[in-house]
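Q: Please find one structure pasted underneath; my questions will follow.
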Amino acid sequence: MDCYGEFANIYDELMGDVDYEMWSDYIEALINEFSGIDVENILELACGTGNITIPMAQKGYSVTGMDISEDMLCIAKGKLEGKRLEISLVQSDMKDFEYDAVRAQCVICACDGFNYITDENSLGSIFEKVYNMLPKGGTFIFDISSSHKLKNIISQSTFTHVDEDTAYIWENYYDEDLKTVDMELTFFVRENSGLYRRFDELHVQRVYENEEILKMLQSAGFKCSKALSEFSFEEDNGMSERVFFAAVK
Ligand SMILES: C[S@@+](CC[C@H](N)C(=O)[O-])C[C@H]1O[C@@H](n2cnc3c(N)ncnc32)[C@H](O)[C@@H]1O
């Protein structure tokens with residue numbers, strides 16, 4: 001079963017209530033707070049349909065966005081048409097990406113991209129590659145869905161959504177041994193004929209504790225790593241649903 005295949009076509013509609021302007025303002029505020037150097041170029045991992053990529057480029061940064069999903073990138077490309085922005089898009093798995101081929105003073109990953117890396121050694125190796133490619137003073141900023149959210153909120157629930165054109169059922173199963181949540185998504189999307197077409201996706205997200213991530217960042221070489229409660233500069237107390245990490249080389 002594909003992950004971010006056909007879902008790409010309705011992703012933006014379902015994320016319609018997310019305030020990406022505020023989110024990108026917050027990322028810029030973190031850059032200003034933590035970066036030891038001027039930032040002109042940003043590498044964005046798991047950029048999806050460009051919801052953060054575009055506002056960051058509108059702020060004047062030159063952004064390389066990469067994502068594993070051709071369908072998500074295709075939507076991002078469509079949104080760039082007619083806009084004169086410094087954005088290049090690359091399709092790659094972030095585990096295999098040629099990090100050294102990109103010049104950036106800041107690397108970002110927004111909206112739980114790293115939860116999709118289900119093996120901690122692979123995540124550690126991504127952190128090392130990011131560390132090696134950044135210049136001294138460069139920043140690494142990302143967020144994850146917190147352990148609290150995945151274990152205590154998502155895993156205990158089934159979510160549904162129904163409107164005129166789209167409906168979904170989102171069931172979740174937590175595997176305590178693997179520390180993963182299997183998210184089984186069933187979509188029904190209305191076609192021109194008026195009939196609804198069904199498709200399914202399986203998303204697997206790994207639960208990471210803040211301490212685990214901070215340790216991995218330290219092992220990769222980063223200093224001054226912080227785990228912050230969502231959209232704040234306060235250290236996370238374990239109850240946020242989204243935790244932001246800011247690390248400096
Ligand atoms: C929740 S979406 C976030 C997209 C975008 N950052 C946003 O804020 O809207 C997660 C994204 O991670 C991407 N992704 C998952 N695993 C990946 C991997 N191994 N390498 C690169 N991208 C990946 C998916 O294709 C998807 O676009």
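The values are calculated or read from the model by the stated rules, or taken from the named source; none is laboratory data. All of these numbers come straight from a predicted model, not from anything done at the bench. Cβ coordinates were reconstructed from backbone atoms using ideal geometry, including for glycine residues, and neighbour counts include every protein chain displayed. These area figures cover heavy atoms from the full protein model, side chains too; ligands, DNA and RNA do not enter into them. Shrake-Rupley method; radii C 1.70, N 1.55, O 1.52, S 1.80 Å.
Q: Using DSSP to call loops (not H, G, I, E or B), can you name the trypsin sites (Lys or Arg not before Pro) in region 63-166 whose Cβ has at most 13 other Cβ atoms within 10 angstrom?
A: On the way: sites: K77, K79, K83, R84, K95, R103, K129, K136, K149, K151; in loops: K83, R84, K95, R103, K136.
Those satisfying the criteria are K83, R84, K95, R103, K136.
Q: Could you give the dipole magnitude of the chain about its Cα centre, charging the beta-carbon of Lys and Arg +1 and that of Asp and Glu -1, in debye to the nearest 20? Write down the numbers at each step before the final one.
A: On the way: 21 positive and 47 negative charges, 168 e Å.
In debye, rounded to 20, the chain gives about 800.
Q: Could I ask something else about it? Using a 1.4 Å probe over the heavy atoms of the protein chains, calculate the carbon and sulfur portion of the accessible area of the chain as a whole percent.
A: Values: 5480 of 12160 Å².
The nonpolar share, carbon plus sulfur, comes to 45 percent.
Q: Give me the extension gain from V204 to T160: residue separation times 0.36 nm, minus the current Cα-Cα distance, reported in nm with one decimal.
A: Working: separation 44, 0.36 × 44 = 15.84 nm, distance 1.82 nm.
That works out to 14.0 nm of additional length.
Q: What fraction of the DSSP beta bridges in the chain is antiparallel, stated in percent and rounded to the nearest 5?
A: Counting DSSP beta bridges with both partners in the chain, the antiparallel share is about 70 percent.
Q: Expressed in whole Å with the largest first, what are the equivalent ellipsoid semi-axes of region 64-124 derived from the C-alpha gyration tensor as the square root of 5 times each eigenvalue?
A: Numbers: eigenvalues 103, 42, 21 Å².
Output for region 64-124: semi-axes of 23, 14, 10 Å.
Q: Of G221, N172, S193, which is farthest on the positive side of the dipole of region 116-249, counting Cα position, with +1 on Lys and Arg Cβ, -1 on Asp and Glu Cβ, and the Cα centre as origin?
A: After comparing all options, I get G221.
Q: Shifting gears a bit: Give me the number: length gained by fully extending L214 to C3, i.e. 0.36 nm times residue separation minus the C-alpha to C-alpha distance, one decimal in nm.
A: Numbers: separation 211, 0.36 × 211 = 75.96 nm, distance 2.76 nm.
My answer for the length gained is 73.2 nm.
Q: Take every Cα pair under 8 Å in region 149-206 that's 6+ residues apart, average their separations, divide by the length, and report that relative contact order as a whole percent. List each step's numbers first, then the result.
A: Working: 102 pairs, mean separation 15.2, N = 58.
That works out to 26 percent.
Q: Need one value: the accessible area of S145 in square angstrom, 1.4 angstrom probe, rounded to the nearest 10.
A: Taking all protein chains as shown, S145 has close to 0 Å².
Q: Suppose all protein chains stay in the model; what accessible area per residue would a 1.4 Å probe give for region 116-227, in Å²?
A: Numbers: 5690 Å² over 112 residues.
With all protein chains present, region 116-227 gives 51 Å² per residue.
Q: Go through region 95-104 residue by residue and turn each phi into a ³J(HN,Hα) via Karplus (6.51, -1.76, 1.60, θ = phi - 60°); whole Hz please, and just put x for glycine and proline.
A: So the J values, rounded to whole Hz, are 6, 10, 4, 7, 4, 5, 7, 10, 9, 8.
Q: For region 149-206, what is the per residue volume of the convex hull drawn over the alpha-carbon atoms, in cubic angstrom?
A: Details: hull volume 3.9 nm³, N = 58.
Convex hull volume per residue, Cα atoms: 67 Å³.
Q: Starting from the Cα of F188, move 7 Å in the Cα-to-Cβ direction to define the label point; list residues of region 1-37 whose amide nitrogen is under 18 Å from there.
A: Taking a point 7 Å out along Cα→Cβ of F188, the residues of region 1-37 whose backbone N falls under 18 Å are 7, 10, 14.
Q: Which three lengths, in whole Å and largest first, does the chain cover when its Cα atoms are put on their principal axes?
A: Taking the Cα atoms of the chain, the three principal extents are 56, 47, 31 Å.
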